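Chemist: Mind having a look at this structure? Questions to follow.
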Amino acid sequence: MNNLFLKRAIFVMAFFTVFNFLYTNGLPKPKNNQLYTDYVSYKYTPYLKRPVITTGFIALDGKDKFVFKQLMPVEFVIKRLNEKITFKRAGMAEVVIDKDNSNAEYDFFFLFDEGYELLKEYNLIEKDIANGKKEFLITPKNKSNYSKIIVIAFDDKFESLELYFNNKTVLRYEFKNSITGQEIDKKYFE
Amino acid sequence: MSLKIALQDRRLIRNILNRNFFINIFLIVIFAFLIFFSIKRIEIDSGIMSLFPSDKKLKITLSVAQNSANAKKVIVYVKAKDESSLLNVIKDINSELANSDIKFVSAIPTTEQFLKLYQYIEKNSILLYPYEVNPFIESEINKRLKAKYDYISSSPFLDTSDSFLYDPLFFTPEIISLLKEISSGKYTPREGGLFSDDNSSYIKILNVDFGNEEYQKIVKLKKIDEKIKKVASLKKAEAFLFSSHLYFLESKSRITFELSIIFTLTTIFMCLIFYLFFRKLSLALFAAMPIIGGYAITFLILSFVRSKFGGIAFAFGATIMGISIDYIIHYLTKRDLYSSLKEVRDRISSSLFMGFITTLAGFIFLLFSQTEALFEITIFGAISISSVFLLSFFVLQPLLPPTGSKKDKQSIVIKIPFFNSKALFYIWILITLLLILFLPFIKFEDNIMNLDMKHKELDRRKELVANSFKESNDNIFLLFTGESREEMLTRSFKSLMLVREHSQGKNSFITPAIITPPESILKERRDFIKKYFNKELFLNSLNKSEFNIDSFNDWLSMVKHIDSVKLEPLSDDIKTLLYDPYFTKIEDKEYLMIHIYNRELAKTIQDILMSNNVDFQIVDIVEDTKDKLVKFEKNALLLVSFSLVLIFVILFIYFKNLVYSFTALLPAVTALLACIATSYFTNNGFNLMHFVVAVLVLGIGVDYGIFVTIAYKATFKKEELEHTFQSIIICALTTLSCFGVLAISANYSISSIGSSMFTAMSMALFTAIYALPYILKKDKKV
């Protein structure tokens, strides 16, 4: 995979489309496809003294409703409502993302539905169970900009997700206060 | 002669005439074949360079216009009520473009290419930064490191590449911002195009692989234009294509449509005229033969003598018929007044011959104009008029001799009303004086584009695109020369800095020197870095920042050895898009060619660079041809005036009488005055087409004057006199039927011919019928 776009697509889809992957592959999935979870992310890079910490929440209500909202340090939100994917940063106008022709930063949302297929096509997935929790190791089949993704899940909820990149960056997500199987407040998708 | 013999004679004559009719048809077919054969051998040069005297600057102007990427640029414009609708429509339009037969190539970077460009800039940021401010002072370093950290923390999904660590002081966004500003966003596309500031409109800039005169392909482009208009209107948005191709197609389509109407009307009028006056349509075919033959001989000679001939001269040649037909009509009108061909020739040969000689003389001075187009017009005119005259005299006349039959005798259809009226003579004097009064106010057309039709819808599109996006397809270029590309890039970069400095950053232009600075600029920057960069200061600030102390070691190493640092090369696709198109070769000399989107900006740049003694050139096809065009028109009018003098001399030599020489020339003079006056009231002044008419009416007007003058000099009988005037009226009507209808054309060059020809011919006729007889009769004291 030499294509720059595809590399980025794989990288970012690795995080969010893993939801679909996990849920559609007989693996734990939120009841009724409904999920709300807070997250804290830590980005470790070789060039920064401390990890970049962000906080926010993720909400999922069926296949076509998804929102990722970062609250700190800079607020922005990426939303999928049916076919429409939008991005909005604080103080800027909302932008509709065209998956065929947009910045890499938004890549991971494009293939939300197709992410699972692409993930399976380009990666090896191994599963293990330890301490009552499921651990998944995802590694690329061919040369990529990431080396592995580790996902830990309990019951139908994620606990953590780690992406390891070839440039020695590690992106770790910890999920808290996760709720599944309950009606998700519409306000999260507005 | 007994009745029986007379009847036999008449039958014989009728048989001869029938035989001659078929010979005539046969000749027409031969001539038509010769025209077809000859035309294939001649390459028609449709350029306008031949209109102007040989001039180096103009050659460059026209070559630049022809070779520039502008000629192949197509802009897609979309406007919607809001950004969301806009993006929706853009998607549909992209789909239409992708499915079309035409291969479109983006003239601005794709997102993929922009990412490559971004990484190139990051990697080379230390040398690409313009150093208009000193970024190496402590406060600046702290500010920039923080900005870089804020960027990372606000973009959690950002996957940084290697080049990221070659730009600790975050130069890249500023360089990108400068590129965006000077390119009006062309280097920083979104959705494959550019958005307006309010995000309500969008353009895509594409290139196609065909020029402005490949009409089959342009028709396909037009169909795409219709499709995207429809697609957009379904979503209550507006979209269209804009390119110079569409201007050419619209002009060509309009001209083709109008010419077909004009040709139809002309044919109908000619048939009516021949029926009305001669009662025999077969005579029209006889009249056509010398004209077709004249063209055939002309094309044949040209095909062997010159392989390439100007389209302008060819177009002029098409109008020669207006002069040549006079000799034919004059003969046809008069032939049955006399019993034999010899008698006809005795009576009218001198007027025909003098008409021919003086018409030729009208062209002579054009040979001295030093203008290729005028030289070609002279050659074409001289050969065709001579051929028509000789064919009509030596072929047509023997094929169509007088029949001596009262039945075939042509009757007078028009009786001239108020003939020899004093009142009408005074009216003529008044009109002539009024026309003379206009002479000091003559103005000359200085914009060659005004000879085209008005393109209302395309001009509206042009304005929309220019106002929102600072983009156009006007052929205005800033040119730099030099011994090498280095020199040209240096000049262009320094010029850009000058323009920005003198306009407080308001004005600028794109130069590839921004992303590929020449060595001289790089040296200046290296010197700046060596002078102002302090490693300890930088490391001190880095230590206080969120970055690890060893994060930018590679960059520090680069700065340490800055003298040996070279720019990383641009990738081929970026180079093809953002570097190569700026260079062009004209006559083995290379130029750096920068498109300027409007004349106001070109003028501002010109003023700033001239006041700073920069070596440059602004090339603008409209501005550069302005003075040359006016000069051509003035020279052309002067040459026509010289021709008048020469014709007068020839007439004086023939008539040996001042009054006769004057009266013979008078219709031509008044026709010329009417032509000039018409140019004042229509269009923007005297233009090339008015000049064409001036030459034509000189030839036609002098023919009328000669026919009437000789008729009075030779004391023609009343019947002969009436036939002379009738022949002049028929000549005028045929000329008006060919040219008068052109006045209705939307194309200004065609309507110029029509309107001025109409007034000039009317004046020539008025002079010949109401002024000359009055003057000549008074002279002869009849």
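Chemist: Taking the stretch B:125-161, which residues are surrounded by fewer than 20 Cβ atoms within 10 Å (Cβ to Cβ), in contact (Cβ under 8 Å) with a residue 40 or more places away in the chain, among the hydroxyl-bearing types (S, T, Y) and more than 10 Å from chain A (Cβ to nearest Cβ)?
Modeler: Hit for the stretch B:125-161 is B:Y131, nothing else.
Chemist: Follow-up. Only residues in the stretch B:267-284 that are without any contact (Cβ under 8 Å) to a residue 24 or more places away in the chain count as the first member; pair them with residues that are hydrophobic (A, V, I, L, M, F, W, C) and not in a helix (DSSP H, G or I), Cβ under 8 angstrom, at least 6 apart or cross-chain, and list the lot.
Modeler: B:C271/B:L281; B:F274/B:L281; B:Y275/B:L281
Chemist: Hey, could you check the stretch A:110-137 for residues that are among the aliphatic types (A, V, I, L, M) and in contact with a helix residue (DSSP H, G or I) (Cβ under 7 Å, 6 or more places away or on another chain) and say which is modelled with the highest pLDDT? Outline the logic, then answer.
Modeler: From the stretch A:110-137, those among the aliphatic types (A, V, I, L, M) are A:111, A:118-119, A:124-125, A:129-130, A:137; that's our starting set.
With in contact with a helix residue (DSSP H, G or I) (Cβ under 7 Å, 6 or more places away or on another chain) added as a condition, the list becomes A:111, A:118-119.
On the way: A:L111: 34, A:L118: 58, A:L119: 64.
Only one residue tops the list, namely A:L119.
Chemist: A follow-up question, please. Which of the following residues is surrounded by fewer than 15 Cβ atoms within 10 Å (Cβ to Cβ) and either within 14 Å of chain B (Cβ to nearest Cβ) or closer than 28 Å to A:L48 by Cα (or both): A:N166, A:N145, A:N131? Don't jump to the end; show me each part of the working.
Modeler: Numbers: A:N145 fails: surrounded by fewer than 15 Cβ atoms within 10 Å (Cβ to Cβ); A:N131 fails: either within 14 Å of chain B (Cβ to nearest Cβ) or closer than 28 Å to A:L48 by Cα (or both).
Step by step, each of A:N166, A:N145, A:N131 is checked, and only A:N166 is surrounded by fewer than 15 Cβ atoms within 10 Å (Cβ to Cβ) and either within 14 Å of chain B (Cβ to nearest Cβ) or closer than 28 Å to A:L48 by Cα (or both).
Chemist: Another question, if that's okay. Of the residues in the stretch A:27-40, how many are buried (at least 20 other Cβ atoms within 10 Å of the Cβ) and within 14 Å of chain B (Cβ to nearest Cβ)?
Modeler: 1
Chemist: B:L567 passes all but one of (1) more than 13 Å from chain A (Cβ to nearest Cβ); (2) assigned to a helix (DSSP H, G or I); which number fails?
Modeler: (2)
Chemist: Here is a follow-up. Within the stretch A:42-81, restricting attention to residues that are assigned to a strand (DSSP E or B) and aromatic (F, W, Y), which residue is nearest to the other protein chains (Cβ to nearest Cβ)? I'd like the intermediate steps shown before the answer.
Modeler: Step one: of the stretch A:42-81, the residues assigned to a strand (DSSP E or B) are A:42-44, A:48, A:52-61, A:65-72, A:76-81.
From what's left, aromatic (F, W, Y): A:42, A:44, A:57, A:66, A:68, A:76.
Numbers: A:Y42: 10, A:Y44: 11, A:F57: 14, A:F66: 15, A:F68: 10, A:F76: 8 Å.
Checked the stretch A:42-81; the qualifying residue nearest to the other protein chains (Cβ to nearest Cβ) is A:F76.
Chemist: State which residue is modelled with the lowest pLDDT when the search covers only the stretch B:178-203 and only residues that are surrounded by 20 or more Cβ atoms within 10 Å (Cβ to Cβ) and among the charged types (D, E, K, R).
Modeler: B:K186
Chemist: So, one more: Tell me which residues, restricted to the stretch B:292-303, are modelled with pLDDT under 90, crowded, with 22+ Cβ neighbours inside 10 Å and hydroxyl-bearing (S, T, Y).
Modeler: Of everything in the stretch B:292-303, just one residue is modelled with pLDDT under 90, crowded, with 22+ Cβ neighbours inside 10 Å and hydroxyl-bearing (S, T, Y), namely B:Y295.
Chemist: Identify, by number, the condition in (1) in contact with a helix residue (DSSP H, G or I) (Cβ under 8 Å, 6 or more places away or on another chain); (2) among the β-branched types (V, I, T); (3) under 30 Å from B:N99 (Cβ atoms) that B:T256 doesn't meet.
Modeler: It is condition (1) that B:T256 fails.
Chemist: Being in contact with a helix residue (DSSP H, G or I) (Cβ under 9 Å, 6 or more places away or on another chain), closer than 30 Å to B:P773 by Cβ, in a helix (DSSP H, G or I) and polar (S, T, N, Q): is that true of B:T604 here?
Modeler: Details: in contact with a helix residue (DSSP H, G or I) (Cβ under 9 Å, 6 or more places away or on another chain): yes; closer than 30 Å to B:P773 by Cβ: no; in a helix (DSSP H, G or I): yes; polar (S, T, N, Q): yes.
Answer is no for this residue.
Chemist: Does B:F380 meet the test of being touching a residue at least 12 places away in the same chain (Cβ under 8 Å), buried (at least 24 other Cβ atoms within 10 Å of the Cβ) and farther than 30 Å from B:E719 by Cα? Reasoning before the result, please.
Modeler: On the way: touching a residue at least 12 places away in the same chain (Cβ under 8 Å): yes; buried (at least 24 other Cβ atoms within 10 Å of the Cβ): yes; farther than 30 Å from B:E719 by Cα: yes.
Here the answer is yes, as B:F380 does meet what is asked.
Chemist: What residue, of B:R345, B:R335, B:R306, is at pLDDT 75 or above and touching a Pro at 6+ places or on another chain (Cβ under 6 Å)?
Modeler: Values: B:R345 fails: touching a Pro at 6+ places or on another chain (Cβ under 6 Å); B:R306 fails: touching a Pro at 6+ places or on another chain (Cβ under 6 Å).
The conditions single out B:R335.
Chemist: Can you confirm whether B:K236 is out of contact with any Asp or Glu (no Cβ under 8 Å at 6 or more places or on another chain), free of Cβ contacts under 8 Å to residues at least 60 places away in the same chain, basic (K, R) and under 19 Å from B:K91 (Cα atoms)?
Modeler: no
Chemist: State the number of residues belonging to the stretch A:180-190 that are of a type outside the set (K, R) and either exposed (fewer than 15 other Cβ atoms within 10 Å of the Cβ) or within 14 Å of chain B (Cβ to nearest Cβ) (or both).
Modeler: Kept after step one, since they are of a type outside the set (K, R), are these residues of the stretch A:180-190: A:180-185, A:188-190.
After this cut, where a residue has to be either exposed (fewer than 15 other Cβ atoms within 10 Å of the Cβ) or within 14 Å of chain B (Cβ to nearest Cβ) (or both) as well, the list is A:181-183, A:185, A:190.
Adding up the residues that qualify gives 5.
Chemist: Further question on the same structure: Can you work out which of the residues in the stretch B:162-177 that are buried (at least 16 other Cβ atoms within 10 Å of the Cβ) and within 11 Å of chain A (Cβ to nearest Cβ) is farthest from B:N548 (Cα to Cα)?
Modeler: B:F164
The values are calculated or read from the model by the stated rules, or taken from the named source; none is laboratory data. Predicted model, so just to flag it, every value in this text is computed and none were measured. Virtual Cβ from ideal backbone geometry, glycine too; neighbours counted across all protein chains shown.
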